[in-house]
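Colleague: Mind looking over this structure? Questions follow.
Values quoted throughout were computed directly from the atomic coordinates according to the rules given, and no laboratory measurement underlies them. The structure displayed is predicted, hence computed values, not measured ones. Cβ atoms come from the backbone with ideal geometry, glycine included; neighbour counts cover every protein chain shown.
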Amino acid sequence: MRMDFTDRGFGEKRSLPLLIFCAGGGRMGTRGAEAAKALGACIVVADPAPNCLARGRADVVLERTSDIDPKLEGKIQLVPADAVECLLELMEKSLPQLIVPATEGHFAARLAVAHLARRNVMAVPCAELLRKVAAALPPEVVLLADEKNAVLVTSYMPSGIMCQNDCAQPALCPVLGRRRERPLHQLMEERFSEEAGRSAVLITNDLGGVGVLQGDEVQCMLAQMDSMVKGDVFALATSCRCHSIANFLLIAGSLHFLGRACSPVDPNHHSEHMPF
């Protein structure tokens, strides 16, 4: 369900500051950081680009992830580092309550692949699982089924038509004038359950017009992968009510033994429709 975080109490005074991580310091990452700052949260933005937009809005520019102060309220801390590696390192000490996935491609899939690599495990694209899930979905919602990289993009909005800016995603689409029967993330969860077995659908909620993930749900997704062994498959999607991007992973074995024999999954395919 899409939720207003103020209604969940995130806008209230807390005994510990709300920690919000922004993956990417571009337009959307900066917008999320500024919305979080208005809540008095502790904000961490990770972006390796020296001239990213967030650098000009940051209160503190750090040298490394270990310098992050998770109790620094109402300040934007910028770390000039890869967002995936920065978040994985930060989560070992402090779990962000909210994560803004504002990099190109499917950030959750990049995070999952890097998490596995830290455990010497390689994930490769699983085209077979993609085909099974895509075939089980209504064809009109499938915008892209990239078998090479096992990336599936789905949407209630047809290709070539743009969504309304800052759309609250009501049941009646303000652009198409159509009523959707159920949120797309619910449809993806059902198909994953039927076809994939091990899976996770991370639901984006709204923070100041920017999509955010809940940190505990991301942590739970990564924890699922710790018990996976060679031959296991995993379906992972990030979805809101109207759009979704998914990667399908096959555990190929140990990185140590595989070396460069297999190509790791490429979760960086993305669509201009995707707010992730």
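Colleague: Within the chain, how many Lys pairs that are eight or more residues apart, or on different chains, come under 28 Å at the alpha-carbon?
Modeller: 12
Colleague: Give me the number: length gained by fully extending V142 to E217, i.e. 0.36 nm times residue separation minus the C-alpha to C-alpha distance, one decimal in nm.
Modeller: 24.5 nm
Colleague: Mean shadow of the chain, computed from the convex hull of its alpha carbons, in nm²?
Modeller: It is 14.4 nm².
Colleague: For V121, what residues show an amide H to amide H distance below 5 Å, using hydrogens built from the backbone and excluding near sequence neighbours?
Modeller: L255
Colleague: Tell me the volume per residue, in Å³, of the convex hull enclosing the alpha carbons of the range 19-101.
Modeller: Spelled out: Cα convex hull of the range 19-101, divided by residues, is 70 Å³.
Colleague: Suppose only helical runs count, i.e. DSSP H with n ≥ 4. What mean residue ellipticity at 222 nm does that imply for the chain under -39500 (n - 2.57) per run, divided by all residues and rounded to the nearest 500 deg cm²/dmol?
Modeller: Taken over the chain, the calculation gives -7500 deg cm²/dmol.
Colleague: Hydropathy first: keep DSSP H helices in the chain averaging at least 0.0 on Kyte-Doolittle, then drop any whose Cα extent along the axis falls short of 15 Å, and list what survives. Walk me through the numbers on the way to the answer.
Modeller: Values: long enough: 27-38 (17 Å, -0.73); 107-118 (16 Å, 0.95); 184-195 (16 Å, -1.14); 215-225 (16 Å, 0.15).
Membrane-span-like by this criterion, though nothing is claimed about a membrane: 107-118, 215-225.
Colleague: Per 0.36 nm of contour for each residue apart, how much would the distance between E190 and E104 grow if the chain were fully extended, relative to their Cα-Cα spacing?
Modeller: Here the answer is 28.3 nm.
Colleague: So, R0 is 25 Å and r is the distance between the beta-carbons of R64 and Q224; what FRET efficiency does that work out to, to 0.05?
Modeller: Efficiency for this residue pair is about 0.30.
Colleague: Filter the trypsin sites (Lys or Arg not before Pro) in the range 124-201 to those in DSSP coil with at most 16 other Cβ atoms within 10 Å of their Cβ, and list the result.
Modeller: Details: sites: R131, K132, K148, R178, R179, R180, R191, R198; in loops: K148, R178, R180, R198.
Here the trypsin sites (Lys or Arg not before Pro) that fit, given the DSSP loop and packing criteria, are K148, R178, R198.
Colleague: If the only charges are +1 at each Lys and Arg Cβ and -1 at each Asp and Glu Cβ, what is the size of the charge dipole of the chain around the Cα centre, to the nearest 20 debye?
Modeller: My answer is approximately 120 debye.
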